[in-house]
Amino acid sequence: MIREKSEAALIALRQILRATEINSRALAKQSGLSPSQLILLQILSQSETETPGSLSKHLSLSQATITTLLDKLAALGLIARRKDEIDKRRVLIEILDKGKRALDETPDSLQMRFEARFSKLEEWEQSFLVAAVERIALMLDAEDIDAAPVLDVGKITNLTQ
């Protein structure tokens with residue numbers, strides 16, 4: 001009985017991992033973007049400008065990771081960096097029209113579907129699920145692994161830049 005439940009839990013974990021991987025590959029194939037890049041564009045589309053530091057805090061990603069993501073988005077012509085007119089040391093990031101079009105043409109991500117469905121759950125269900133997933137992270141000795149609240153598998157080979 002315990003083995004059956006353990007296997008059922010492992011199967012569900014594997015399904016989550018596979019769903020994330022499949023979504024990341026489909027997103028890359030359709031738009032050339034990773035889930036992290038897509039979420040970054042979504043954040044930029046909701047504000048006039050952001051700084052790399054504010055993006056780093058918003059996504060819980062390191063400054064180096066944000067810089068890498070911004071470099072790729074800039075190379076694709078989706079965002080632009082510019083110096084702040086008041087404080088020239090400050091760099092502002094803004095989404096370009098091409099970036100807005102990319103967002104319009106990109107289907108809902110796995111993350112967006114999760115967030116929409118999760119928000120419809122009762123508060124007790126949300127708390128229960130968070131507690132269960134956090135407990136699983138502890139059981140896998142993963143509680144100290146730095147992770148952003150982004151459903152992304154990391155670098156995927158053959159990802160269109």
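Just so it is clear, none of the values below were taken in a lab; they were calculated from the coordinates. A quick note: this is a predicted structure, and the numbers were derived from the prediction, not measured. Quick reminder, even Gly has a Cβ in these numbers, built from the backbone with ideal geometry, and neighbours come from all protein chains shown.
In whole Hz, what ³J(HN,Hα) sequence does the stretch 76-86 give by Karplus (6.51, -1.76, 1.60; θ = phi - 60°), x for Gly and Pro?
So the Karplus estimates, Gly and Pro as x, are 7, x, 8, 9, 9, 10, 8, 6, 5, 5, 7 Hz.
Sorting check: for 128-140, 43-55, which peptide has the highest mean count of neighbouring beta carbons within 10 Å, and how do the rest follow?
My ranking of the peptides, most packed first, is 43-55, 128-140.
Counting only helical runs of four or more DSSP H residues, what would the 222 nm mean residue ellipticity of the chain come to if each run contributes -39,500 (n - 2.57) and the total is spread over all its residues?
Rounded to the nearest 500, the figure is -19500 deg cm²/dmol.
By a straight-distance test (C-alpha under 24 Å), which lysines pair with residue 100 as possible cross-link partners, with residues fewer than eight away in the same chain excluded?
Residue 100 reaches 29, 57, 72, 83, 155.
Roughly what would the spin-label model give for residue 4 and residue 46, points 7 Å off Cα along C-beta, in nm?
4.4 nm
Need one word for the stretch 33-99: rounded, prolate or oblate. Basis is the Cα gyration tensor (sqrt eigenvalues a ≥ b ≥ c); a/c below 1.5 gives rounded, then a/b vs b/c decides.
Judged from the Cα gyration tensor, the stretch 33-99 comes out oblate (a/c at least 1.5, b/c at or above a/b).
What base-10 log of the normalised intensity I(q)/I(0) is obtained for the chain from the Debye formula, alpha carbons as equal point scatterers, at q = 0.11, 0.13, 0.15 Å⁻¹?
The calculated log intensity ratios at q = 0.11, 0.13, 0.15 Å⁻¹ are -0.54, -0.72, -0.92.
Working only with C-alpha atoms, what are the Rg and Dmax values of the stretch 1-65, expressed in angstrom?
17.1, 55
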